[in-house]
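Working notes, structure below.
The values are calculated or read from the model by the stated rules, or taken from the named source; none is laboratory data. What you see is a predicted model; the values in this text were computed from it and never measured. Cβ: placed from backbone, ideal geometry, glycine included. Neighbour counts: every protein chain shown. Only protein heavy atoms, including side chains, enter the accessible area calculation; ligands, DNA and RNA are left aside. Shrake-Rupley method; radii C 1.70, N 1.55, O 1.52, S 1.80 Å.
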Amino acid sequence: MSYYDTLIFDLSTHARKGYTLPKRTFKRQALPTHLLREDCPGLPEVSEVEVVRHYTNVSMKNFGIETGMYPLGSCTMKYNPKINQDLANLPSFSALHPYQPTRTVQGMLKLLDDLQSYLSEISGLARYTLNSYAGAHGELIGLMIMKRYFESRGEHHRVNIIVPDAAHGTNPASAVVAGFKVIEVPSEKDGSVSVEVLKGVVDENLAGIMLTNPNTLGMFEKDILNVAELIHDHGGLLYYDGANLNPILGKVRPGDMGFDIMHINLHKTFSTPHGGGGPGSGPVGVAEHLVPFLPKPLIKKVDNTYHIERDNETTLGQISHFYGNVGVAMKAYTYILSNGKEHLPEVAKFAVLNANYVKESLKDLFELPVEGVCKHEFVFNGLKDKSTGVTTLDVAKRLLDFGVHPPTIYFPLLYKEALMIEPVETESKQTLDRFIEVMRVIAKEAKETPEVVKGAPHNTIVKRLDEALAARQPVVKYTDIPK
Ligand SMILES: *Cc1c(COP(=O)(O)O)cnc(C)c1O
């Protein structure tokens, strides 16, 4: 432990100061006595350098994509270029107010409108709304659109949404919140859905299906056109979960696969930092026949002037304040333009190449349930050698000692020891090689000194936590730390 680890929460020394206030030039006001404080507020008394060191040290205890590799599966934790932030910070955009007259915010409206059309072109859907704050919010809006669509056709009985068991947890949750009934179907061994299984659950109550392609195991759903045909033949709609779109950028489009509605996570695919709760953005795109059901406000261009359409009666109504998180939209816009049409497909290429490189380099030591080329991510079922008793949780904790953020663990629920790795497109071969090396060292330790892995982490500030307790009774104040 360093000097600052021991003293970080208790640096205060009586009467030490880190500020100099200007000489008081205002008159003392007579405040009512009941508003006057009797005691000092009890703030730490520290010098400037102590404050700076304190916050710098605290910031270094955090792990982020700028500290090391972050191979969290189903999350696309990629490096986010700083130019995105620079542009989003430009005062000519960031100082705008949503209540300004539209004629004074034409530039921002053009940017948002252009971004919507880029997303349409990338995904093959007719029209987007940017008014959604997150992936899960996008799902909810997409499903509400679906609901309105069936209501408009008098098909109130269509309440069944098919969701594969490997789906992201937000999918069934959103379906239930939107008032649908979830029909869970088992995935095949490679995480795909079987047309035969689907045939058994489609009936006159079918509303639609929620899928992601590549699926949760990172495999491309080869039967997707047959799935789309089956669902459409039964009067249902297809919803695409496009949270992690990087493996297919510029390669294939959900609209061409037959999907009617989708959301995209700008904060995963289009390079906004995420984690810790936002801000996010989950634009929702729809096929032509669903455009009238989009939420308002919508941006409309007439004679080279942008307007905000607020009173279209057939829409879903308003589902967020104003126009969503425009700062996130600006970062996505910058990212798309700085890659350009020529280079966006390279994002997909490297996301896929990197995932396959890591998978092939480790599959002799880690159990790979599904062989073959994956897309942006893949799932191991823990260490191949199960005799050591070392679990996926142990491997994840040991990675921390090497300064690597653990992959996603115990998701999807298809395997007992799931370890889901997404290296992403922005990592170099050297970084991937180091990750592979560390994983191989851990596999060796599991055999030779399993207690080292089972006791990990050893080098972190907090050791292994009781995860349930850490979530239910988080200790976030230094005064709560047991002495
Ligand atoms: C992250 C993710 C979501 C949810 O997105 P949020 O912005 O966290 O609400 C949904 N589906 C998949 C596949 C995801 O990876």
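In this structure the stretch 346-471 gives 45 Å² per residue of accessible area when probed at 1.4 Å with all protein chains present. Taking the Cβ of Y128 as the centre, find all other residues whose Cβ is under 13 Å away and add up their charges (Lys, Arg: +1; Asp, Glu: -1). Neighbourhood net charge equals -3. Apply the a/c threshold of 1.5 to the C-alpha gyration tensor of the stretch 346-471 and tell me whether it is rounded, prolate or oblate. Prolate, because a/c is 1.5 or more and a/b exceeds b/c. Sorting 458-466, 30-38 by average packing, meaning the other beta carbons within 10 Å per residue, from highest down gives 458-466, 30-38. Solvent-accessible area of F26, all protein chains in place: 140 Å² (probe radius 1.4 Å, heavy atoms, ligands and nucleic acids excluded).
The order of H274, H263, H14 by accessible area, most exposed first and with a 1.4 Å probe, is H14, H274, H263. For the chain, with all protein chains in place and a probe radius of 1.4 Å, 56% of the accessible heavy-atom surface sits on carbon or sulfur.
Distance between the C-alpha centres of the stretch 427-454 and the stretch 321-347: 36 Å, rounded to the whole angstrom. Taking every DSSP beta bridge that has both ends in the chain, the antiparallel portion is near 55%. Distance from the alpha carbon centroid of the stretch 383-412 to that of the stretch 142-193 works out to 33 angstrom. Distance from the C-alpha centroid of the stretch 199-271 to that of the stretch 104-131: 21 Å, rounded to the whole angstrom.
Using the structure shown, select from K189/K359; K78/K110; K110/K341; K61/K463 the pairs with a Cα to Cα distance greater than 21 angstrom. Flagged as over cut-off: K78/K110. With the simple spin-label model, which puts each label point 7 Å out from Cα in the Cβ direction, the N89 to S338 separation comes to 1.3 nm.
Legend: calculated FRET efficiency, A173 to S47, from the Cβ-Cβ distance at R0 = 51 Å, rounded to 0.05, equals 0.55. How would you classify the chain from its alpha-carbon gyration tensor, with a ≥ b ≥ c the square roots of the eigenvalues: rounded for a/c under 1.5, else prolate if a/b is greater than b/c, otherwise oblate? In terms of gyration-tensor shape, oblate. Taken per residue, the accessible surface of the stretch 61-162 reaches 44 Å², heavy atoms only and a 1.4 Å probe. Which of rounded, prolate or oblate describes the stretch 82-338 when judged by the alpha-carbon gyration tensor and an a/c cut-off of 1.5? Here the stretch 82-338 falls in the prolate category. With helices as the sole contributors, the chain gives -11000 deg cm²/dmol at 222 nm; each DSSP H run of n ≥ 4 counts as -39500 (n - 2.57), and the sum is divided by every residue. May I ask you to list the residues of the stretch 358-374 whose amide nitrogen lies under 16 Å from a point 7 Å from Cα along the Cα→beta-carbon direction of K429? Those under the cut-off are 358-361.
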